[in-house]
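Q: Pasting a structure here, questions to come.
Please treat every number below as a calculation from the coordinates, not as lab data. All values reported here derive from a predicted model rather than from experimental measurement. All Cβ positions, even for glycine, are placed from backbone atoms using ideal geometry, and neighbour counts span all protein chains on display.
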Amino acid sequence: MHDCEIKKEGRIYYVNVKITNAETRDNKNDISAVEKLYMQYDVNRDYRLVYAVFGFKFRNVNISFVKNYIHMFSPQFLPIYVNPRNDKLQAYYKADAEERTRDEFLRLLRENSRSIKL
């Protein structure tokens with residue numbers, strides 16, 4: 001679920017790094033498997049997942065980094081959609097944040113997932 005951990009002022013932030021094509025229109029992207037995300041957020045109340053999305057341009061065999069395309073977000077605060085076909089959490093990388101508590105986020109995942117059985 002995460003690629004690295006950042007420790008700052010006694011807190012741990014878990015970071016998942018994603019790349020995207022900076023030249024395409026924004027699409028919903030798979031963020032995470034709902035069940036894994038739910039279990040991690042439910043069991044570890046200090047779990048804070050942050051996605052860092054880096055944009056690249058792809059031209060034939062050339063790949064270049066777009067330095068003004070860096071976006072960070074937490075799935076807890078995104079407008080989200082659970083894809084019923086694969087039970088993956090999906091969202092737009094660039095979206096206005098929605099304020100919600102951890103418990104509200106867990107309820108949202110639980111109500112929209114087919115794999116979480118409680």
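Q: Output the 0 to 90 degree angle, nearest 10, between the alpha-carbon long axis of helix 34-43 and the longest principal axis computed from the alpha carbons of the chain.
A: 60
Q: On average over all directions, what projected area in square nanometres does the stretch 4-112 have, based on the convex hull of its Cα atoms?
A: Seen from a random direction, the Cα hull of the stretch 4-112 projects 8.2 nm² on average.
Q: Sum -39500 (n - 2.57) across every DSSP H segment of at least 4 residues in the chain, then divide by the residue count to get the 222 nm mean residue ellipticity, nearest 500.
A: -5500 deg cm²/dmol
Q: Pairs on different chains or at least eight residues apart, Cα atoms closer than 18 Å: how many lysine pairs in the stretch 4-112 fit?
A: Total qualifying Lys-Lys pairs in the stretch 4-112 comes to 12.
Q: In addition: Out of Lys18, Lys88, Lys57, any idea which swings most in a Gaussian network model of the chain, alpha carbons joined below 10 Å?
A: Result: Lys57 has the largest fluctuation of those listed.
Q: Report the residue, chosen from Arg48, Arg107, Arg85, that carries the largest GNM mean-square fluctuation when the chain is represented by alpha-carbon nodes joined by springs under 10 Å.
A: Arg85
Q: Next up: What is the fewest-to-most order of Val82, Val43 by other Cβ atoms lying within 10 Å of their Cβ?
A: Val43, Val82
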